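The structure under discussion appears below in the form of structure tokens.
The values are calculated or read from the model by the stated rules, or taken from the named source; none is laboratory data. Just so you know, these numbers come straight off a predicted model, no measurement behind them. Here Cβ is always computed from backbone atoms with ideal geometry, including for glycine, and neighbour counts include all displayed protein chains.
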Amino acid sequence: MKDTKDTNETRVNRTYKSTVFAMLFTEKENLLELYNAISGKHYTDPELLEVNTLENAIYMSMRNDISFVVDGRLSLYEHQSTYSPNLPLRFLFYISNLYSGMTREANLYGTRTVKIPGPEFLIFYNGREEMPERQVLRLSDMFTAKGERCGLELEAVMLNLCGEHNRKLKEACRSLRDYAEYTDRIRKYVREMELEDAVERAIRECIGEGILKEFLEKHRAEAKSMSIFEYDQEKHMRMEREEAWEEGHAQGHAEGHAEGFAEGQTELLQNIIRKKLKKGENVSRIATDLEADEAVIRKFVKEIEEAEKQNT
């Protein structure tokens, strides 16, 4: 079968940054090997895969990593280096878009049943946060009404590729095993050197040891650029989450009185206020952001100013 892509008159989103995972498994030989490892099948002809990855989407969030049809099944694969509980909803958007394209010429108002391939949703995770080897994410976990029967469900299986997790799967798919080894090395080396040097070292070693050798030799510059971008993006998202947690944690305490703070809590709130002061925010704005009384914030500001005077 020939590759099929969305032919809507929509503008390709040039701001989407691909990933090494998506680029590696865009090659049909690698994708078939991965599908066989996941499904237990033994297909040998890569042309059996009908790739229909969403590429011509208007919004970045509507661009999925890999989707394809084989064996009467529509498989959607996503790679994640940062855990997100919202992936079931994103998968729902992807599958709706794909089914819409597949049934464009079908009579959905007719009396005959329109046949569509059954979906499978997989997430390949290789982030720094500790995660289970296998985890099921459900759309119903996002519903506001808990415990009530709902008419819509979507389940996505998240597989952890880090370290020794899912060893059997990686042994069954060399491309996946090599990819996991490559990313593990980057995470290891980035603790010891600059990111660009860490990526370069991982690429050099992997080529020398026959890990993703052909892929990295063929796409060395692009793989390096993508790896740096992915790691920087992951770091940025992690820092945003940590800062949001700090602010949320501080908000809960800032509503009380400064005298009642534990030492660590006081230091945490002072650090947040100090950051906001450096950004040019005034007491009123900081109090609003932290949902705190201005008098409490003003007291902290005074303590910060006095401490800074003593240090100068």
Inset, instruction - Sort through Lys275, Lys224, Lys302 and tell me the only one that's over 30 Å from Glu205 (Cα atoms), part of a helix (DSSP H, G or I) and modelled with pLDDT of 85 or more. - result: Lys302
Inset, instruction - State whether the residues of region 139-150 include one that is among the aromatic types (Phe, Trp, Tyr), assigned by TED's automatic domain parsing to the domain that holds Glu78, out of contact with any helix residue (DSSP H, G or I) (no Cβ under 8 Å at 6 or more places or on another chain) and within 23 Å of Ser67 (Cα to Cα). - result: no
Legend entry - Pair list, Cβ under 9 Å, 6 or more apart: region 35-54 residue within 27 Å of Phe93 (Cβ to Cβ), other residue in a loop (DSSP other than H, G, I, E, B) and hydroxyl-bearing (Ser, Thr, Tyr): Tyr35/Tyr43; Leu49/Tyr43; Glu50/Thr4; Val51/Thr4; Val51/Thr26; Asn52/Thr4; Thr53/Thr26
Legend entry - Which numbered condition Gly72 fails, given (1) over 26 Å from Met226 (Cβ atoms); (2) at pLDDT 95 or above: (2)
Inset, instruction - Hey, can you tell me all the residues within region 282-292 that are modelled with pLDDT under 75 and not β-branched (Val, Ile, Thr)? - result: Asp289, Leu290, Glu291, Ala292
Inset, instruction - Examine region 161-173 for a residue that is of a type in the set (Asp, Glu), closer than 25 Å to Leu87 by Cα and touching a helix residue (DSSP H, G or I) at 6+ places or on another chain (Cβ under 8 Å), and state whether such a residue exists. - result: no
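Out of everything in region 143-187 that is touching a residue at least 12 places away in the same chain (Cβ under 8 Å) and among the aromatic types (Phe, Trp, Tyr), what residue ends up being surrounded by the most Cβ atoms within 10 Å (Cβ to Cβ)?
Tyr179
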Inset, instruction - List the number of the failed condition for Ser140; all other conditions in (1) modelled with pLDDT under 95; (2) surrounded by 18 or more Cβ atoms within 10 Å (Cβ to Cβ) hold. - result: (2)
Inset, instruction - Scan region 245-254 and give yes if some residue there is of a type outside the set (Phe, Trp, Tyr), assigned to a helix (DSSP H, G or I), modelled with pLDDT under 80 and under 30 Å from Tyr189 (Cα atoms), otherwise no. - result: yes
Inset, instruction - Just need a number here: residues in region 66-93 that are assigned to a loop (DSSP other than H, G, I, E, B) and within 12 Å of the chain's Cα centre (by Cα). - result: 6
Inset, instruction - Identify all residues within region 188-221 that are touching a residue at least 40 places away in the same chain (Cβ under 8 Å) and in a loop (DSSP other than H, G, I, E, B); write none if there are none. - result: Val190, Leu212, His219
Inset, instruction - Looking only at region 124-134, decide whether some residue is closer than 22 Å to Ala156 by Cα, in contact (Cβ under 8 Å) with a residue 12 or more places away in the chain and more than 20 Å from the chain's Cα centre (by Cα). - result: no
